[in-house]
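Q: My questions will all concern the structure given below.
Here, each number is a calculation from the coordinates, and none is a lab measurement. Keep in mind the model is a prediction, meaning the values are calculated, not measured. FYI the Cβ positions are ideal-geometry reconstructions off the backbone, even for glycines, and counts take in every protein chain you see.
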There are 2 protein chains.
Amino acid sequence: MAAKPKERPSNLREACIAEALRVIEDAGLDALSLREVARRLGVSHQAPYKHFPSRDHILAEILTRSFDEFAAFLDQRPAGAAPPDDLRGMGQQYMTYARLHPVKYRLMFNTPMPDPDAHPEMMRNAQRAFALLRDRLTVMKLRPVGGPHRANASFDAMFVWSTLHGLASILQSDTLRTLQMSDRDLQQAISRCFARLSLALDPVD
Amino acid sequence: MAAKPKERPSNLREACIAEALRVIEDAGLDALSLREVARRLGVSHQAPYKHFPSRDHILAEILTRSFDEFAAFLDQRPAGAAPPDDLRGMGQQYMTYARLHPVKYRLMFNTPMPDPDAHPEMMRNAQRAFALLRDRLTVMKLRPVGGPHRANASFDAMFVWSTLHGLASILQSDTLRTLQMSDRDLQQAISRCFARLSLALDPVD
């Protein structure tokens with residue numbers, strides 16, 4: 001039986017999105033172009049343009065879905081936990097997502113992003129992920145610190161996000177290797193970060 | 001008077017290092033090669049190899065110097081401050097360095113690094129920057145948290161580093177733009193992060 005020619009994907013739009021993510025995984029964000037996506041799918045150079053006006057539009061679609069997946073992942077926690085435990089659960093989900101999906105995590109937080117104003121759905125989904133964290137902190141009724149604007153939970157969410165993002169990034173960085181910490185020490189360090197976070201938030205009793 | 005031909009740099013090694021950093025600034029880390037450095041300096045392709053066996057060696061030299069500069073910058077604080085204020089001063093120096101030197105900051109903490117075992121001076125300087133933070137925390141005699149190994153200041157240094165690195169990275173990220181925070185709110189958020197850090201560290205009185 002003769003080998004079949006490469007089939008044209010039945011849903012070209014979805015095939016483009018999946019292939020674009022593979023381009024980024026294989027060769028980095030700089031390698032992403034609609035031309036490269038078309039080449040790898042074996043379709044004409046013009047074909048992806050029927051669905052995406054530009055490379056930024058396909059990247060924005062990947063980011064829109066990543067923020068959505070990330071927010072849903074943060075929400076996958078046992079129901080009914082007290083607010084401080086629930087926040088810790090969300091923090092652990094955050095760390096797990098970053099570990100399981102390092103490429104999407106970097107796309108969301110560490111690499112150049114298309115203009116948010118030109119891609120409102122991407123912006124909304126990013127805002128929604130941040131709001132999950134902010135709303136958790138609002139429920140916790142934290143003891144106020146830091147002068148005026150003390151009730152603004154967005155500021156506390158920036159702090160929690162900074163610690164989680166910093167830890168997730170450091171754990172994936174080459175810089176960490178220079179410190180030559182054992183796996184056991186690393187686990188202790190992660191636990192310590194969560195313990196210090198709890199102390200920093202110190203909810204009103 | 002006739003234009004002089006491009007002069008061969010009198011100190012080719014230093015010229016290579018400076019030009020390599022400019023390549024990274026202009027075109028990103030992926031664009032760095034000894035061939036590109038030679039081309040931009042107007043010297044033969046082979047010339048840089050007299051000083052650097054590989055592209056990794058020139059990158060390691062840039063990193064070695066960056067960690068050294070970064071550590072010296074962290075140390076530029078008013079003398080005689082009480083340990084908690086002194087740590088806050090170091091944190092502010094950290095944030096300022098990241099803002100003033102975003103390319104070197106990303107090289108040290110956010111992009112692939114040459115193998116530390118092959119570049120021991122780079123590794124030593126990275127360790128020295130971390131030790132500055134760890135030693136500050138040792139002096140502060142923090143109230144213990146987080147179970148066993150409580151006296152290990154490296155774990156607390158990982159926490160402080162995570163928060164500072166996360167905050168510095170978020171402030172430079174495109175993701176932040178999706179939140180549409182005003183400059184005033186952003187300054188408040190940074191202050192809040194420092195206030196929460198202080199609360200998290202909570203030294204013994």
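Q: Restricting attention to the alpha-carbon atoms of region A:152-205, what are Rg (one decimal) and Dmax (integer), both in Å?
A: Rg, Dmax (Cα atoms, Å): 13.3, 41.
Q: From other protein chains only, count the Cβ atoms within 10 Å of every residue's Cβ in A:20-27, then give the mean.
A: 0
Q: Label points 7 Å out from Cα along the Cβ direction at residue B:85 and residue A:187: separation in nm?
A: The two pseudo-label positions are separated by 4.2 nm.
Q: Here is a further query. What is the ratio of the Cα radius of gyration of the protein assembly as shown to 2.2 N^0.38 Å, with N the residue count, to two decimals?
A: My calculation over the Cα atoms of the protein assembly as shown gives 1.10.
Q: Would you work out the relative contact order for chain B, in percent, from Cα pairs under 8 angstrom that are 6 or more residues apart?
A: 18
Q: Partner chain Cβ atoms within 10 Å, averaged over the residues of B:184-195 - can you pull that number for me?
A: Mean number of neighbouring Cβ atoms from other chains: 6.
Q: If you place +1 on the Cβ of every Lys and Arg, -1 on the Cβ of every Asp and Glu, and leave all else neutral, what size is the dipole of region B:148-196 about its Cα centre, to the nearest 20 Debye?
A: Numbers: 5 positive and 4 negative charges, 30 e Å.
Value, rounded to 20: 140 debye.
Q: According to the Cα gyration tensor, what semi-axes, each the square root of 5 times an eigenvalue, does the equivalent ellipsoid of chain B have, listed from largest to smallest in whole Å?
A: Taking √(5λ) for each eigenvalue gives 39, 20, 15 Å, largest first.
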